[in-house]
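Below is one structure; the comments refer to it alone.
The values are calculated or read from the model by the stated rules, or taken from the named source; none is laboratory data. None of the values given here were measured: they were computed from a predicted structure. Cβ placement follows ideal geometry from the backbone for every residue including glycine, while neighbour counts extend to all protein chains displayed.
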Amino acid sequence: MADADGAGWSDRALGLGRPIARRDFLGGVALAAGASALPGAAFAQSGADYPPAKTGLRGQYPGSFEMAHAARDGGFDGPISAEDSGEHHDLVIVGAGISGLSAAWLQAQALGMGRKVLILDNHDDFGGHAKRNEFQHQGRTILAYGGTMSIETPFPYSFTSKKLLADLGVDLTSYDRYETKAYAGLAPGTFFDREHFAGDRVVAGTGRKPWQQFFAEAPLSAAVRADLTRLHTEQVDYLPGLTPEARADALKRMSYQNFLLGPARMLPASLPFFVGQGYRNNKRVDTLPAWEAALSRRAPGFAGMALPGQIQADAQHFHWPDGNAAVARMLVSRLVPGVFAGPLDQESVVLAPARYAALDNPANAVRIRLNAMVVRVEHLGPVTRSTEKAVRVVYVKDGKRISVTAANVIMACFNNIIPYIVPSLPAPQKAALLYASKVPMLYTNVLIRNWQAWAKLGVRAIHAPNGYHTTVALDTPMAIGGYASAATPDEPVVLHMVRNPNKPGLPRKEQNRIGRAEMLATDFTTIEREIRGQLQRMLGPGGFDAARDILAITANRWPHGYSYTYDTLDDPDVPDEQRPHILGRQSFGRIAIANADAGAAAFTNTAIDMADRAVQEMLISRGLT
Ligand SMILES: Cc1cc2nc3c(=O)[nH]c(=O)nc-3n(C[C@H](O)[C@H](O)[C@H](O)COP(=O)(O)OP(=O)(O)OC[C@H]3O[C@@H](n4cnc5c(N)ncnc54)[C@H](O)[C@@H]3O)c2cc1C
């Protein structure tokens, strides 16, 4: 055995290779299935026919995206042959995320439920980023979210988004009924690591106890302690002599890092405290404009600075144990008969079993075809010609190219892929669609035997500024729809861990690109090793034993994660109508563009609003308004 704080532990001591619930997929083939080795595990539905129960590498898992990369690399250039299925649909939707499902729902609202709609998605599950993860332990179903977590946004929900949720039976004012007080007395904490500070230690009470006391308990040199305490407690105008507007302007043009090291005169040795923080839309200390740091109200340094007033958003909040996968499930329950027992509401959605075999039933008007990667969308004649069979769609499923026709197509996928699968788009539109670079994100769920170590350390969430995963949190405690998460420290619980691979110092888009490549090149074993080592180091002093206490791991990999949002450091300051997402999302004949990228904001309501716009454009293209 190695030292009790976890550093220097061997793979064996950390439990790497022990049978846990995980399944590594390479090229779509299960390599190792440890699920049955989980003590007491009895999967209600096995991962084979029920994707949410699959563990190991999920999200954009190996086997789901290679065809898209082949399309990007020119593998489908030129005329494309395919087996003609003879299928014709009123509408084909590319992408079964919240945007694609919302588009199907909104067109049904406009035209009635009888229209033939085919939704194609390259994954084995619907929902896109709204991903449900399930664990089974000792006869108990334990839920987690693998992507989109909550209904929330810094700007108000539109009428359409609010109405869609209301039509699904969601009451956004009712959330407080469902979150329990299981972690009362536990606070957020910070893990100071010995590579960057004066030792390894979790300090409880970040932002809760007086900063002087918090930093006094942290393993820091005297100089760094004084420096961090000063920044968090003093009220100084670090940009004196400017009007609030000029001050805001200056903050828009410098990164938060340059603000800290420049006007705020922080020591470079203090910077590691800020490095892993994703203050706003995942921008890091070096890519976050200082102005956005000020707006976040979580970043210190602005308390003494008069800044222009900001409009506060009308906040919406709702969370389910499986995150916004619940929204996807509620939509599917209304769109596709036979998958669920009937229409689901905000409570019944939580535990309702799903029959995936019913998703693509020829007897239904709306069908969802999974494991189907679209590689070509093209008009069957001049773009402006009005015919019923206006568009041909080719997808690859089980290695076979198959074509269907449609009167209209809505691209509810990613902006970056559209130019490669709709090659006839005008060149400037293609360039606009290729401008953005989505944020790579890893959402890891770890089922642990109990959370006694957390109770002992007094923490419910740990920020690890320099960790592989930069946050680790006990799952939101909830009791909803017959589901109850852990109520006492002796019960199993899911830890939710977040990583954003990047390359500090480079422009943000370049960091996203490098992070994406790193993510795709990292295998599950490497991720598991990092998880075990990190948890052991952080929680070991509370009695945690990675080899004993980790029961299952699901790592949801999102190389194409959050939609790209503009900022004042790296993007040209142009009027909205000249922004690439607006130029890129113009409809093209019978092909309209939905998805959150088209709104340049990584939010569920954006995905819904973009579906609404695309459906309007679809109706206009056929004179159906
Ligand atoms: C990790 C994570 C956490 C998030 N958390 C939140 C949150 O808490 N709250 C919030 O409001 N928003 C959150 N978001 C933002 C989220 O992206 C949006 O809320 C929304 O879910 C995006 O929906 P979408 O349908 O536009 O895209 P997606 O969910 O990405 O769906 C698009 C689907 O199209 C598929 N596709 C792509 N190309 C093809 C093709 N050629 N053929 C077939 N299928 C294809 C994709 O694989 C995917 O399944 C989060 C995003 C991520 C990644």
**strands (runs of 3 or more DSSP E) wholly inside region 71-169 that include at least 2 residues being of a type in the set (D, E, K, R) and more than 30 Å from Gly623 (Cα to Cα)** = 132-137
**Exclusive hit being buried (at least 24 other Cβ atoms within 10 Å of the Cβ), closer than 13 Å to Ile418 by Cβ and within 8 Å of the ligand (Cβ to nearest atom), set Ala594, Ala607** = Ala594
**Asked** Restricting the search to region 322-338, which residues are among the small types (Gly, Ala, Ser) and either part of a helix (DSSP H, G or I) or within 12 Å of the ligand (Cβ to nearest atom) (or both)?
**Response** Gly323, Ala325, Ala326, Ala328, Ser333
**Qualifying positions in region 353-380 - closer than 17 Å to Asp322 by Cα and either surrounded by fewer than 20 Cβ atoms within 10 Å (Cβ to Cβ) or modelled with pLDDT under 95 (or both)** = Pro353
**Request:** Name, by its number, the condition in (1) away from the ligand (no atom under 13 Å from the Cβ); (2) out of contact with any Leu (no Cβ under 9 Å at 6 or more places or on another chain); (3) of a type in the set (Asp, Glu) that does not hold for Glu134.
**Result:** (2)
**Message:** Can you list residue pairs whose Cβ atoms sit under 6 Å apart, with the first residue in region 410-424 being more than 18 Å from His69 (Cβ to Cβ) and modelled with pLDDT of 95 or more and the second being within 6 Å of the ligand (Cβ to nearest atom) and in a helix (DSSP H, G or I)? Count only pairs 6 or more apart in sequence or on different chains.
**Reply:** Ala412/Ser99; Ala412/Gly100
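Among the listed residues Thr554, Thr525, which satisfies the condition of being in contact (Cβ under 8 Å) with a residue 40 or more places away in the chain, surrounded by fewer than 19 Cβ atoms within 10 Å (Cβ to Cβ) and farther than 30 Å from Thr384 by Cβ?
Thr525
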**Request:** Considering every residue within region 367-383, establish whether at least one is under 18 Å from Ala614 (Cβ atoms), within 14 Å of the ligand (Cβ to nearest atom) and not in a strand (DSSP E or B).
**Result:** no
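Residues being in a helix (DSSP H, G or I) and over 10 Å from Ser270 (Cβ atoms): count how many of those fall in region 219-228.
Matching residues across region 219-228 total 1.
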**Prompt:** In this structure, is Ala290 in contact with a strand residue (DSSP E or B) (Cβ under 8 Å, 6 or more places away or on another chain) and more than 30 Å from Gln452 (Cβ to Cβ)?
**Reply:** yes
**Message:** On the basis of being within 16 Å of the ligand (Cβ to nearest atom), touching a residue at least 40 places away in the same chain (Cβ under 8 Å) and touching a Gly at 6+ places or on another chain (Cβ under 8 Å), does Tyr175 make the cut?
**Reply:** no
**Message:** Scan region 264-281 and tell me whether some residue there is crowded, with 21+ Cβ neighbours inside 10 Å, outside any loop (DSSP other than H, G, I, E, B), touching a strand residue (DSSP E or B) at 6+ places or on another chain (Cβ under 6 Å) and in contact (Cβ under 8 Å) with a residue 60 or more places away in the chain.
**Reply:** no
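Of Ala96, Ala104, which residue is hydrophobic (A, V, I, L, M, F, W, C) and more than 8 Å from the ligand (Cβ to nearest atom)?
That would be Ala104, the only listed residue that is hydrophobic (A, V, I, L, M, F, W, C) and more than 8 Å from the ligand (Cβ to nearest atom).
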**Request:** Kindly indicate whether Asp549 is of a type in the set (Asp, Glu), buried (at least 21 other Cβ atoms within 10 Å of the Cβ) and away from the ligand (no atom under 14 Å from the Cβ).
**Result:** yes
**Item:** Extreme residue, nearest to the ligand (Cβ to nearest atom), among residues of region 108-120 that are crowded, with 19+ Cβ neighbours inside 10 Å and within 10 Å of Leu335 (Cβ to Cβ)
**Value:** Ile119
**Prompt:** Would you pick out the residues in region 180-219 that are within 24 Å of Asp475 (Cα to Cα) and basic (Lys, Arg)?
**Reply:** Lys181, Arg201, Arg208, Lys209
**Complete:** Residue hits (region 413-428; assigned to a helix (DSSP H, G or I) and more than 10 Å from the ligand (Cβ to nearest atom)) are Pro419, Ala427, Pro428
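For region 94-118, give me each residue that is closer than 25 Å to Arg585 by Cα and more than 21 Å from the chain's Cα centre (by Cα).
Within region 94-118, Ala104, Trp105, Leu106, Gln107, Ala108, Gln109, Ala110, Leu111, Arg115, Lys116, Val117, Leu118 meet the criteria.
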**Asked** Can we say Gly543 is in the same structural domain as Asp490 (by TED's automatic domain parsing), surrounded by fewer than 23 Cβ atoms within 10 Å (Cβ to Cβ) and under 17 Å from Pro492 (Cα atoms)?
**Response** yes
